[in-house]
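Novice: Can you read through this structure? Questions will come right after.
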Amino acid sequence: MVTDGGSVHSSSADPFEALGDPHRRDILRLLSEGDKPVAQIAAALPISRPAVSRHLRLLKQAGLVAEHPQGTRRIYHLEQEGLRAVQAYLEQVWGEAARRFRLYAENTRDAENTDPQ
């Protein structure tokens, strides 16, 4: 995943598109508790194991999760670099919005305090 000029992208998939699906967000929540094999992730969700595998593949392409082999199993974990890039983008966008809101609120408060009643 790469950030440049305020945009976040991966060579394969858009992380925000990947985050648009509620099942994929659930998978990220599960992995935030620790590394898990596909079977354990699938057991916690109301979708089939093949569907979980497809969601994991999309999250991996978006740079949000990675896997490593452990015997015959694939263990999935959050990909910190990808998540940090998404977080940095959101902080940039919302940080500017918060700055403008604070400026507006301060100016509104000052205007209210100077109005003769």
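The values are calculated or read from the model by the stated rules, or taken from the named source; none is laboratory data. Note that this is a predicted model, so its numbers are computed, not measured. When we count neighbours, we look across all protein chains shown, and the Cβ atoms used for this are built from the backbone with ideal geometry, even at glycine.
Novice: Can you go through A39, A66, A105, A13 and tell me which one is at pLDDT 85 or above and either within 13 Å of the chain's Cα centre (by Cα) or not in a helix (DSSP H, G or I) (or both)?
Specialist: Working: A39 fails: either within 13 Å of the chain's Cα centre (by Cα) or not in a helix (DSSP H, G or I) (or both); A105 fails: either within 13 Å of the chain's Cα centre (by Cα) or not in a helix (DSSP H, G or I) (or both); A13 fails: at pLDDT 85 or above.
Residue meeting the stated conditions: A66.
Novice: For the list (1) modelled with pLDDT of 85 or more; (2) in a helix (DSSP H, G or I), I need the number of the one condition that H77 fails.
Specialist: Only one criterion is unmet by H77, namely (2).
Novice: For a quick check of your reading of the model, give me the residue pairs whose first member lies in region 64-84 and is within 19 Å of E17 (Cβ to Cβ), whose second is in a strand (DSSP E or B) and among the hydroxyl-bearing types (S, T, Y), with beta-carbon atoms closer than 8 Å and at least 6 apart or on different chains.
Specialist: V65/Y76; A66/Y76
Novice: Please go through region 47-63 and give me each residue that is farther than 20 Å from L83 by Cβ and under 21 Å from the mean Cα position of the chain (by Cα), ordered by number. Please lay out each step first, then the result.
Specialist: Narrowing region 47-63 to residues farther than 20 Å from L83 by Cβ: 47-51, 53-54.
Scanning region 47-63 gives I47, A51, S53, R54.
Novice: Mind counting the residues in region 54-90 that are in contact with a helix residue (DSSP H, G or I) (Cβ under 7 Å, 6 or more places away or on another chain) and among the basic types (K, R)?
Specialist: Residues in region 54-90 being in contact with a helix residue (DSSP H, G or I) (Cβ under 7 Å, 6 or more places away or on another chain) and among the basic types (K, R): 1 in total.
Yes/no per residue for (1) free of Cβ contacts under 8 Å to residues at least 24 places away in the same chain; (2) out of contact with any strand residue (DSSP E or B) (no Cβ under 8 Å at 6 or more places or on another chain); (3) closer than 26 Å to V93 by Cα:
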residue: S12; (1), (2), (3): no, yes, yes
residue: P22; (1), (2), (3): yes, yes, yes
residue: L28; (1), (2), (3): no, no, yes
residue: P37; (1), (2), (3): no, no, no
residue: I41; (1), (2), (3): no, no, no
residue: A44; (1), (2), (3): yes, yes, no
